[in-house]
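A.B. asks: One structure coming up, written as structure tokens, with questions to follow.
The values are calculated or read from the model by the stated rules, or taken from the named source; none is laboratory data. From a predicted model like this one, the values you see are computed outputs, not experimental measurements. Positions of Cβ are generated from backbone atoms using ideal geometry, with glycine treated the same way; all protein chains shown enter the neighbour counts. Only protein heavy atoms, including side chains, enter the accessible area calculation; ligands, DNA and RNA are left aside. Shrake-Rupley method; radii C 1.70, N 1.55, O 1.52, S 1.80 Å.
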Amino acid sequence: MITVYVSRDSAAISLGADEVAVAIAAEAARQGVAIKLIRNSSRGLFWLEPLVEVATDAGRIGYGPVQAEDVASLFAVGLGNAHPLCLGLVEELPYLKTQERLTFARAGITDPVSLDDYLAHDGYKGLKNALAMEPAAIIAAVTDSGLRGRGGAAFPAGIKWKTVLGAEGAQKYIVCNGDEGDSGTYADRMVCEGDPYLLIEGMTIAGIAVGATRGYIYLRCEYPYGERALNEAIAAAYANNWLGANIQGSGKHFDLEVRMGAGAYICGEETALLESLEGKRGMVRFKPPLPAIKGLFGCPTVINNVITLASVPVILDKGAAFYKDFGTGRSRGTLPVQLAGNIKFGGLVEKAFGVSLRDLLHTYGGGTLSGRPIRAVQVGGPLGSYIPESQFDLPLDYEAYAKLNNMVGHGGITVFDDTVDMAEQARFSMEFCATESCGKCTPCRIGSTRGMEVIDRLVAGDQPVKQEALLRDLCDTMLAGSLCALGGMAPFPVLSALNHFPDDFRPRATPA
Amino acid sequence: MSTSTFERKPPIKLAELSSLSPADIATINGVLARLKELPGALLPILHGIQDALGYVPKDAVPIVAKSLNLSRAEVHGVVSFYHWYRTEKPGEHVIHLCRAEACQAVGGRALETHVKTRLGIDFHETTADGRYTLEPAYCLGNCAVGPSLLIDMQLRGRVTSARFDRLIGVSA
């Protein structure tokens with residue numbers, strides 16, 4: 001019996017993994033070769049997807065990218081043998097071997113919805129430890145680890161949890177923000193699809209720590225594969241007493257449910273998300289009160305991003321000091337960086353904080369897919385600055401980035417080559433803000449539309465000096481006067497484009 | 001002023017005005033029966049209706065509002081706030097094309113132009129033969145291998161113009 005792995009990650013499926021899996025099963029049947037076909041999670045080396053792995057005594061041998069029509073030739077040489085698509089031992093690939101995978105330790109290794117697989121690969125060790133601890137001790141471990149919110153705001157997770165523990169309320173909630181709307185990011189999606197028990201475990205630990213018995217995962221509706229994997233895993237967790245009443249005989253109770261968003265970027269903002277969960281328009285709330293005091297249905301609520309919650313089990317398993325030993329300055333632990341856009345080797349790179357952009361773009365990313373020079377990279381999603389090459393040596397660190405008005409955010413890095421028109425990108429930032437604004441505050445609702453118009457007049461050469469002054473003034477109003485990060489940060493990509501690439505904003509020659 | 005101007009008219013019966021078939025109404029009532037007791041039930045209910053019927057018909061709004069004891073305005077406000085919900089019947093196949101930055105960086109804008117030209121429609125529109133509805137999406141989480149689209153909720157990556165034509169069964 002030969003064990004063969006083909007990923008069920010949606011990125012792999014988007015490149016033909018389902019067709020490859022079908023072809024492998026058919027070819028095995030035709031040749032009478034006994035195989036066990038496992039649909040595993042993805043390693044996150046997406047340029048190699050669909051990646052086929054074959055278990056051997058030495059380890060898993062990889063082939064990729066494989067298309068359905070390559071399958072017959074893989075069988076012809078014999079599974080596990082040399083072939084033009086053979087990559088050797090997957091875990092020896094430098095891209096993977098040099099990473100520090102804590103949150104993504106199981107990525108590509110396990111069958112995402114198999115509870116047995118999860119338990120056999122260190123799963124639920126963190127929760128087992130947490131069940132034997134006092135709530136305050138669990139929170140102290142999270143605080144001591146230095147874990148900060150991985151959604152973008154980087155608020156210390158332990159402090160948030162401590163506030164909820166101390167808040168009065170008959171009912172408390174754990175809410176997972178899985179509204180990963182930032183372009184260039186897919187780490188949350190990979191966890192939901194590829195390691196759903198990890199998220200369930202992290203949320204259960206959070207529930208026990210703060211005394212919350214109910215949790216919701218708010219997942220974006222653009223992630224149908226993640227929804228299915230999470231629901232399958234939640235059902236299995238209930239069936240095996242990892243969720244529900246008296247978890248593993250501990251007397252602790254935690255219920256968990258997936259709720260789907262409906263295509264509104266603003267619902268990634270925590271208070272808008274809570275409104276949406278309550279069945280309302282996703283309008284941003286004024287703060288205070290903080291969600292930790294008055295959150296979902298007016299009750300004390302921990303609301304954390306997927307990766308934040310998914311980082312908790314390893315902290316409870318291996319200890320706060322282990323996690324804290326990774327990283328630099330006040331940015332502790334690891335960040336799953338997502339290489340995206342025009343990049344040759346796009347994929348997930350989980351590294352300790354402190355790695356440079358240049359290292360990520362060249363050592364890992366291999367430069368652009370088009371082969372042209374990199375002109376700009378947008379870090380931190382659609383509200384992050386466009387960073388020029390002069391800043392590529394900046395270490396990935398929350399404070400170092402913030403000093404230059406840049407943002408680490410959720411760790412997405414979108415690469416553009418030298419054909420990019422930065423005025424067009426700046427205009428898109430304003431357009432996106434206008435499309436996605438909840439409409440509650442004026443700077444965001446109206447400023448974004450006016451911003452588009454001003455950029456149009458600027459590149460049309462209509463009183464350009466005045467237009468630029470007006471655009472900068474408008475950006476200042478949005479930065480200082482918006483209620484939340486959407487209007488309050490949309491000017492960052494606009495201003496960075498204008499500051500670093502002013503030539504792109506000069507009047508265009510009109511086509512004859 | 002004559003009092004007759006303000007004479008109370010008999011209440012309008014919803015069923016008489018509704019464009020919904022009895023089967024559609026039964027579907028909507030089924031979704032409501034299943035989900036209305038959930039805390040914050042409105043979004044799950046609207047998803048349930050759209051998953052079953054392909055859209056949230058305008059005439060579903062008063063039925064949902066009555067069931068949840070909300071005003072029609074509140075339900076309409078939610079339906080219209082969220083981009084995902086549509087109030088017109090879609091074509092046979094729904095395409096969500098990613099417009100976001102990571103796809104732009106690998107030819108997303110050119111693909112968008114090609115798709116619109118090939119289908120002869122803009123975003124939020126349905127082809128005249130009722131085959132395709134085109135919707136924009138702002139990120140499908142497939143940013144390492146764009147440009148990306150969802151066709152009937154199936155994700156496709158590295159979509160070139162030629163690959164798009166093959167997906168919809170048109171030879172270039």
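A.B. asks: With all protein chains present, calculate the accessible area of A:D397 using a 1.4 Å probe and round the result to the nearest 10 Å².
C.D. replies: About 20 Å², rounded to the nearest 10.
A.B. asks: Taking the square root of 5 times each eigenvalue of the Cα gyration tensor, what semi-axes in Å does the equivalent ellipsoid of the stretch B:51-96 have, largest first?
C.D. replies: 22, 11, 7
A.B. asks: With a 1.4 Å probe on protein heavy atoms only, tell me which residues of the stretch B:50-86 lose at least 20 Å² of accessible surface in the complex relative to the chain by itself.
C.D. replies: B:G77, B:V78, B:F81, B:Y82, B:H83, B:W84
A.B. asks: From other protein chains only, count the Cβ atoms within 10 Å of every residue's Cβ in A:181-188, then give the mean.
C.D. replies: 6
A.B. asks: Within 10 Å of each candidate Cβ there may be at most 10 other Cβ atoms; applying that plus a DSSP loop requirement, which chymotrypsin sites (Phe, Trp or Tyr not before Pro) in the stretch A:186-291 survive?
C.D. replies: Taking the stretch A:186-291 and a limit of 10 other Cβ atoms within 10 Å, the loop chymotrypsin sites (Phe, Trp or Tyr not before Pro) found are A:F286.
A.B. asks: Just checking the output field for A:257-267: average partner chain Cβ neighbours within 10 Å of each residue's Cβ?
C.D. replies: Partner Cβ neighbours, averaged per residue: 5.
A.B. asks: Ranking request for peptides A:269-275, A:91-97, A:424-430: highest mean number of other beta-carbon atoms within 10 Å first, then the rest in descending order.
C.D. replies: A:269-275, A:424-430, A:91-97
A.B. asks: With the radius of gyration and the Kirkwood radius both derived from the Cα set of the stretch A:2-97, what is their ratio Rg to Rh?
C.D. replies: 0.92
A.B. asks: Which whole-number percent is the relative contact order of the stretch B:7-81 (Cα, under 8 Å, 6+ apart)?
C.D. replies: Relative CO of the stretch B:7-81 lands at 27 percent.
A.B. asks: Hey, another quick one. For the stretch A:359-401 and the stretch A:56-75, what is the separation of their Cα centres, given in Å?
C.D. replies: Cα centroid to Cα centroid, the span is 33 Å.
A.B. asks: Another question, then. Percent relative contact order of the stretch A:274-335, based on C-alpha pairs within less than 8 angstrom and at least six residues apart?
C.D. replies: 16 percent
A.B. asks: Express as a percent, rounded to the nearest 5, the fraction of DSSP beta bridges in the stretch A:115-324 (both residues included) that run antiparallel.
C.D. replies: Of the beta bridges lying entirely in the stretch A:115-324, close to 10 percent run antiparallel.
A.B. asks: Which of these, B:P22, B:P90, B:P57, has the largest mean-square fluctuation under a Gaussian network model of chain B (Cα springs below 10 Å)?
C.D. replies: Highest fluctuation among the options: B:P22.
A.B. asks: Kindly flag which residue pairs out of B:K58/B:K116; A:K440/A:K466; A:K280/A:K440 have an alpha-carbon separation exceeding 20 Å in this structure.
C.D. replies: In this structure, B:K58/B:K116; A:K440/A:K466 lie more than 20 Å apart at Cα.
A.B. asks: Still on this structure: Using r as the Cβ-Cβ distance of A:V22 and A:K403, and R0 as 41 Å, what FRET efficiency do you calculate, to the nearest 0.05?
C.D. replies: Efficiency at R0 = 41 Å is approximately 0.20.
A.B. asks: Now for a separate question. When a/c is below 1.5 the answer is rounded, else prolate if a/b is larger than b/c, else oblate, so apply that to the protein assembly as shown with a ≥ b ≥ c taken from the square roots of the Cα gyration tensor eigenvalues.
C.D. replies: Since a/c stays below 1.5, the shape of the protein assembly as shown is classed as rounded.
A.B. asks: Length gain on complete extension for the stretch A:T328 to A:N499, per 0.36 nm per residue less the alpha carbon to alpha carbon distance?
C.D. replies: Contour length minus Cα-Cα distance gives 58.7 nm.
A.B. asks: Of all DSSP beta bridges located in chain A, what percent are antiparallel, nearest 5?
C.D. replies: Bridges in chain A that DSSP calls antiparallel: roughly 55 percent.
A.B. asks: Let me ask something else about it. Within the stretch A:386-438, what whole-number % of the accessible surface is contributed by carbon and sulfur, with the 1.4 Å probe and all protein chains included in the calculation?
C.D. replies: 48 percent
A.B. asks: Continuing with this model, one more query. Mind ordering A:408-416, A:244-252, A:490-498, A:62-70 by average Cβ neighbours within 10 Å, highest first?
C.D. replies: A:408-416, A:490-498, A:62-70, A:244-252
A.B. asks: Using a 1.4 Å probe on the protein chains only, how many percent of the accessible area of chain B belongs to carbon and sulfur?
C.D. replies: Carbon-and-sulfur percentage of accessible area, whole number: 55.
A.B. asks: At 7 Å along Cα-to-Cβ for each site, give me the label-to-label distance between B:E88 and B:D165 in nm.
C.D. replies: Output for this residue pair reads 2.8 nm.
A.B. asks: Calculate for chain B the 222 nm mean residue ellipticity that helices alone would give, adding -39,500 (n - 2.57) per DSSP H run of length 4 or more and normalising by residue count, nearest 500 deg cm²/dmol.
C.D. replies: -12000 deg cm²/dmol
A.B. asks: Separate question: Carbon-plus-sulfur fraction of the accessible area of the stretch A:219-293, 1.4 Å probe, in percent?
C.D. replies: 55 percent
A.B. asks: Could you report the buried accessible area between B and A, both sides summed, computed with a 1.4 Å probe and given in Å² to the nearest 100?
C.D. replies: Using a 1.4 Å probe on protein heavy atoms, the buried area is about 3900 Å².
A.B. asks: Give the accessible surface of the protein assembly as shown per residue, rounded to a whole number of Å², with probe radius 1.4 Å and ligands, DNA and RNA excluded.
C.D. replies: 39 Å²
A.B. asks: For the stretch A:2-97, what is the percent of antiparallel DSSP beta bridges, rounded to the nearest 5?
C.D. replies: So the antiparallel bridges amount to about 75 percent of the total.
A.B. asks: Still on this structure, I have one more. Please report the Cα spread of the stretch A:115-324 along all three principal axes, rounded to whole Å, starting with the longest.
C.D. replies: 40, 36, 32
A.B. asks: At a Cα cut-off below 17 Å, give the aspartates and glutamates reachable from A:K252, other chains included and same-chain residues fewer than 8 away excluded.
C.D. replies: Result set, ordered by chain and number: A:E134, A:E201.
A.B. asks: Next up: I'd like the accessible area for A:L483, computed on protein heavy atoms only with a 1.4 Å probe and all protein chains in place. Round to 10 Å², please.
C.D. replies: Roughly 60 Å² of A:L483 is accessible to a 1.4 Å probe.
A.B. asks: Residues of the stretch A:9-35 with accessible area at least 10 Å² lower in the all-protein-chain context than alone (1.4 Å probe)?
C.D. replies: Residues meeting the cut-off: A:S10, A:A11, A:I13, A:S14, A:L15, A:E19.
A.B. asks: Here's a follow-up. Suppose a student asked you for the relative contact order of the stretch A:115-324, using Cα pairs under 8 Å spaced at least 6 residues apart; what percent would you report?
C.D. replies: Across the stretch A:115-324, relative contact order equals 32 percent.
A.B. asks: Could you name every residue in the stretch B:123-159 that has 50 Å² or more less accessible surface in the full protein assembly than in its own chain alone (probe 1.4 Å, ligands and nucleic acids excluded)?
C.D. replies: Those are B:Y138, B:C139, B:G141, B:C143, B:A144, B:V145, B:M153, B:L155, B:R158, which lose 50 Å² or more relative to the chain on its own.
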